[in-house]
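Participant: Dropping the structure in here first, questions after.
Values quoted throughout were computed directly from the atomic coordinates according to the rules given, and no laboratory measurement underlies them. Just so it is clear, the structure is predicted and the values come from calculations on it, not from any experiment. Backbone-built Cβ (ideal geometry, glycine too); neighbour counts: all protein chains shown.
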Number of protein chains: 2
Amino acid sequence: MANDQHGQDDGVWLYCSNSAIRRAARRLGQLYDGAMESTGLKGTQFSLMTQIRRAAEPTLKELAEAMVMDLSALGHTLKPLIRDGLVELFPDPRDRRAKRVRLTPEGLARQQEMLGLWQQAQERFDAALGTKQSQELRRTLAFISSQEFAESFRHLEARDT
Amino acid sequence: MANDQHGQDDGVWLYCSNSAIRRAARRLGQLYDGAMESTGLKGTQFSLMTQIRRAAEPTLKELAEAMVMDLSALGHTLKPLIRDGLVELFPDPRDRRAKRVRLTPEGLARQQEMLGLWQQAQERFDAALGTKQSQELRRTLAFISSQEFAESFRHLEARDT
DNA sequence: CATATATAGTGGTATATGCCACTAAATTCA
DNA sequence: TGAATTTAGTGGCATATACCACTATATATG
């Protein structure tokens with residue numbers, strides 16, 4: 001309210017989807033991390049472990065794609081989990097370039113333990129935002145995360161000058 | 001399609017708002033960073049500089065709150081910009097604990113230079129997602145970023161066991 | 001088959017972000 | 001006023017994330 005004197009920049013503030021999604025992601029990270037605090041793991045680590053479990057021994061490449069994450073970023077992110085014995089890598093027998101990922105028994109136990117906390121956090125999220133809006137949001141975010149969206153965005157590049 | 005055998009975890013994958021927003025934020029970061037690549041600065045840095053400009057010499061605390069960012073994280077994030085002479089800190093004359101932030105002349109020039117690239121990126125985003133959905137998304141993200149949302153979420157804590 | 005090219009991962013470097021412990025300064029309160 | 005408390009920032013450490021250069025392996029091609 002006190003800072004409207006720069007109209008040209010308010011446009012960015014209000015309309016920049018990239019800024020907006022980052023702000024919201026920071027907020028949500030704080031809230032979810034708080035909810036999972038007692039487990040000593042972060043929301044991001046829970047997501048990663050959950051996807052590893054879900055994806056049945058994916059290669060690093062496959063996992064990175066599913067997470068919409070750079071392959072090397074994934075490698076770095078996995079290191080603490082490997083160090084702590086929650087996740088392990090093993091070579092793909094058919095392709096010696098590839099490595100596959102799985103939860104260790106302890107990793108699986110921790111993931112299951114976190115599931116309850118996650119569910120509580122998710123219920124609180126839905127309650128705070130409203131179930132309908134929450135569903136709508138996830139649909140939109142899933143589309144933005146898709147390869148299809150990235151291609152649309154990139155193909156618009158040539159004609160927007 | 002090939003990975004539905006873990007029904008209990010598909011729930012997390014599909015419904016976890018925290019995972020979903022991070023995936024989308026990573027994707028969007030890639031796309032916006034690509035659009036601003038020629039300036040040598042990232043989308044996050046553009047957002048930060050824009051908010052600094054908009055907020056008329058805020059204290060670090062005020063800026064951190066506006067960015068929904070931890071104060072110390074803000075301090076770290078500002079360092080490259082200060083090092084490169086785009087942003088400067090100066091003491092608040094009334095409160096010697098506080099420091100205020102502003103763009104340097106060069107910082108202002110860079111921010112203005114990036115504005116055009118940002119606008120192109122934002123137009124591509126709106127075109128790829130649809131104007132209506134895009135507006136709706138920003139409204140929702142703004143609410144999630146709000147203090148009010150954080151309080152709602154936290155107040156639900158006591159009763160969700 | 002031998003070489004050219006494409007693919008999967010790793011390690012380095014840089015930014016992004018958060019928590020904690022600590023310092024300095026302001027404010028409160030006995 | 002002087003001690004206790006609160007507030008603003010800093011620095012250290014840890015995770016999150018990206019890009020680049022490099023290695024090893026696989027595939028394609030002449």
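Participant: Could you work out the Rg to Rh ratio of segment A:11-54, with Rh taken as the Kirkwood radius (inverse of the mean 1/r over all Cα pairs)?
Facilitator: Radius of gyration relative to Kirkwood radius: 1.16.
Participant: How long are the semi-axes of the ellipsoid equivalent to the protein assembly as shown, from square roots of 5 times the Cα gyration tensor eigenvalues, in whole Å, largest first? It would help to have the intermediate numbers written out before the result.
Facilitator: Details: eigenvalues 237, 109, 84 Å².
Working from the Cα gyration tensor, I get semi-axes of 34, 23, 20 Å.
Participant: Output, in nm with one decimal and in ascending order, the distances from the A:E148 label point to the matching label points of the other copies (7 Å from Cα along Cα-to-Cβ).
Facilitator: 3.4
Participant: Per the helix-only calculation at 222 nm, which mean residue ellipticity applies to the protein assembly as shown, given -39500 (n - 2.57) for every DSSP H run of n ≥ 4 and division by its residues, nearest 500 deg cm²/dmol?
Facilitator: -22000 deg cm²/dmol
Participant: If you don't mind, there's one more thing I want to ask. With a point put 7 Å past each Cα toward its Cβ, work out how far A:Q30 is from B:Q112 in nm, to one decimal.
Facilitator: According to this spin-label approximation, the distance is 3.4 nm.
Participant: Near B:K61, which lysines are there with a Cα under 23 Å away, not counting those fewer than 8 places off in the same chain?
Facilitator: B:K42, B:K79, B:K99
Participant: Placing the label point 7 Å from Cα along the Cα-to-Cβ direction, what are the distances from A:D95 to the equivalent spots in the other copies, shortest first, in nm to one decimal?
Facilitator: So the distances to the same position in the other copies read 5.6 nm.
Participant: Projected area of chain B, taken from the Cα convex hull and averaged over every viewing direction, in nm²?
Facilitator: Taking the Cα atoms of chain B, their convex hull projects to 13.6 nm² on average.
Participant: Something else now. Could you give log10 I(q)/I(0) at q = 0.24, 0.26 Å⁻¹ for segment A:42-129, computed by the Debye formula over C-alpha point scatterers of equal weight, without solvent?
Facilitator: -1.21, -1.34
Participant: A further question on this structure: Among chain B residues, which Cβ is nearest the axis of the B-onto-A rotation, and at how many Å?
Facilitator: B:A25, 2
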